[in-house]
Amino acid sequence: MPFYKLSTEPSDEAKVKIELEGHYLLSFIETNDQAELLPIVFDSTKVFGKSTSLQAPRGLQASSVQKILDSTQYGDAKTSSAFAAISKITLKPGENVTIASLYGKAHHIEAVPDIKDIVTAPGFIQAKAVRARTLINNLTASVETTTANPLFDGAVKQMFLDNSLRGGMPTILGAVDGTMTYDEDPGVKVFHVFSRIHGDLERDYNAFKIDPTFYSQVRFLSQSHS
């Protein structure tokens, strides 16, 4: 269960703040029992070797997964990686395996074992996958398109979802009085969930904070640089 974090907060201040929050990767083969975690390769040089562009796995090409796992890994003060490793697996004709990998953030390293116990429980991943698919289908139901081209139908759906996550999805808060419309009733409010205040979440230089609460809004924390 590797935990990725900075040692101190990189801020321009006179005091040093120790960083406790970080990110984790939990990966396992889905089974009907409590799953066992797969080993993680966190030393990027083991995979990419001298290819500093990280475009070719020179290290893996010159070695094997098992040799990498048996060797010593170093993760301090370098670009880390997060690769789940399977050194050997045998599949009979028609058999298949599903590898589940979860990337997330924890406020402290001590929280990761508890997270592991939850996500490796039988059926947890499948239930989350069904819930995610159901949520996406509900959000995009208003633009459901059926043509002779399934790719076009999917493009319409995906475009609507992307723009909704950027601009917000209107949701009615409050019960409308039976004698008035939504526009006339002052007790009814339109709230745009998923909406953001500023900037693109995809851009690394924009710092965002999303509180883990219902109807949270994205808060922009720092000024972007052009």
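The values are calculated or read from the model by the stated rules, or taken from the named source; none is laboratory data. Small disclaimer: the values here were computed from a predicted structure and weren't measured. Quick reminder, even Gly has a Cβ in these numbers, built from the backbone with ideal geometry, and neighbours come from all protein chains shown.
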> Is it fair to say Lys189 is surrounded by 12 or more Cβ atoms within 10 Å (Cβ to Cβ), modelled with pLDDT of 80 or more and charged (D, E, K, R)?
Replying inline: no
Of the listed residues (Phe83, Phe194), the one being within 30 Å of Lys5 (Cα to Cα) and modelled with pLDDT under 85 is Phe194
Of (1) surrounded by fewer than 13 Cβ atoms within 10 Å (Cβ to Cβ); (2) out of contact with any Phe, Trp or Tyr (no Cβ under 8 Å at 6 or more places or on another chain); (3) hydrophobic (A, V, I, L, M, F, W, C), Ala121 satisfies every one except (1)
Gln61 passes all but one of the listed conditions (1) within 30 Å of Ala127 (Cβ to Cβ); (2) out of contact with any helix residue (DSSP H, G or I) (no Cβ under 8 Å at 6 or more places or on another chain); the exception is number (1)
Subset of segment 58-70, residues under 20 Å from Ser27 (Cα atoms) and surrounded by 11 or more Cβ atoms within 10 Å (Cβ to Cβ), comes to Leu60, Ser64, Val65, Gln66, Lys67, Ile68, Leu69
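Rundown of residues vs (1) surrounded by fewer than 15 Cβ atoms within 10 Å (Cβ to Cβ); (2) more than 24 Å from Asp211 (Cβ to Cβ); (3) of a type in the set (Val, Ile, Thr), yes/no style:
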| residue | (1), (2), (3) |
| --- | --- |
| Pro39 | no, yes, no |
| Ser51 | no, yes, no |
| Asp76 | yes, yes, no |
| Asn96 | yes, yes, no |
| Ile115 | no, no, yes |
ask   = Within segment 35-58, is even one residue out of contact with any helix residue (DSSP H, G or I) (no Cβ under 6 Å at 6 or more places or on another chain), at pLDDT below 90, closer than 26 Å to Ala127 by Cβ and of a type outside the set (S, T, N, Q)?
value = yes
Flagged pairs (Cβ under 9 angstrom, 6 or more apart or on separate chains; first in segment 146-164, in contact (Cβ under 8 Å) with a residue 12 or more places away in the chain and under 25 Å from His192 (Cα atoms); second surrounded by 10 or more Cβ atoms within 10 Å (Cβ to Cβ) and of a type in the set (Asp, Glu)) are Val156/Glu144; Lys157/Glu144
Of the candidates Lys157, Lys88, Lys78, Lys92, the one satisfying the condition of being touching a helix residue (DSSP H, G or I) at 6+ places or on another chain (Cβ under 9 Å), charged (D, E, K, R) and under 30 Å from Thr31 (Cβ atoms) is Lys88
Given the conditions (1) part of a helix (DSSP H, G or I); (2) over 20 Å from Lys105 (Cβ atoms); (3) at pLDDT 90 or above, every one holds for Lys128 apart from (2)
